[in-house]
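**Student:** Below you'll find the structure I mean.
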Amino acid sequence: MTMEKHGVVPDVIDTVPEKLLEVVYDDGVNVDGGNKLTPTIVKDAPQVKWEAESDTYYLLCMTDPDAPSRKFPKAREWHHWLIGNIPGNDISKGQVLSEYIGAAPPPDTGFHRYVILVYKQPTKLKFDEKKLTNKSSMGREKFAIRNFAKKYNLGEPIAGNFFQAKYDNYVPTIYKQIGA
């Protein structure tokens, strides 16, 4: 499986999710098991779909285990997006814990992996994390979805996917947006 080949297992999660998560960016660009996309393409939040039960809540996370670089991931993981209490797969009705920030790998750090995962929640949850906006980088580094999932009894992800991206000319726009 691609997640194992690219080290997502064990860097981010312990097992490959059973289902492939459908992730589509603007202009119909699909995330496809580690394909290479640019920060320009992934600047806006994608459409994400998975097989969901209508009476169940889910959590969605997008995280970069390669911050600031894959060779020296001292800020692993830098989370880009976190939404909990999603009824079925209607992300628009979920509780945004961290607003979406697109891929923004620093220059000369090569390709970063951007891992998008969905967890089935045991029930509707009360999260105690501070809500993070997309106007700041504060509170996003040294996140671990594995620990977050443990804290809230989420188990292993039920669906996942990932892409890779390296620096392009859009990254300075993101840095300016988050005050980096």
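**Student:** Within the range 74-91, count every residue that is more than 19 Å from LYS130 (Cβ to Cβ) and touching a strand residue (DSSP E or B) at 6+ places or on another chain (Cβ under 9 Å).
**Tutor:** 6
**Student:** If only one of ILE174, ILE158 is in contact with a strand residue (DSSP E or B) (Cβ under 7 Å, 6 or more places away or on another chain) and modelled with pLDDT of 95 or more, which one is it?
**Tutor:** Matching residue, one of ILE174, ILE158: ILE158.
**Student:** State yes or no: is GLY88 closer than 23 Å to VAL23 by Cα, free of Cβ contacts under 8 Å to residues at least 40 places away in the same chain and of a type in the set (Gly, Ala, Ser)?
**Tutor:** It is true that GLY88 is closer than 23 Å to VAL23 by Cα, free of Cβ contacts under 8 Å to residues at least 40 places away in the same chain and of a type in the set (Gly, Ala, Ser).
**Student:** Now a separate question. What are the pairs, 6+ residues apart or on separate chains, where a residue within the range 106-135 that is free of Cβ contacts under 8 Å to residues at least 40 places away in the same chain and over 18 Å from MET62 (Cβ atoms) has its Cβ under 7 Å from a residue that is among the β-branched types (Val, Ile, Thr) and assigned to a loop (DSSP other than H, G, I, E, B)?
**Tutor:** Nothing qualifies.
**Student:** Please give the strands (runs of 3 or more DSSP E) falling wholly within the range 1-98 in which 2 or more residues are touching an Asp or Glu at 6+ places or on another chain (Cβ under 7 Å), surrounded by 14 or more Cβ atoms within 10 Å (Cβ to Cβ) and modelled with pLDDT under 95.
**Tutor:** Those strands (runs of 3 or more DSSP E) do not exist here; none qualify.
**Student:** Taking ARG113 as meeting all but one of (1) within 18 Å of HIS6 (Cα to Cα); (2) out of contact with any Gly (no Cβ under 9 Å at 6 or more places or on another chain), write down the number of the exception.
**Tutor:** (2)
The values are calculated or read from the model by the stated rules, or taken from the named source; none is laboratory data. In this text, all values refer to a predicted model and were calculated from it rather than measured experimentally. Virtual Cβ from ideal backbone geometry, glycine too; neighbours counted across all protein chains shown.
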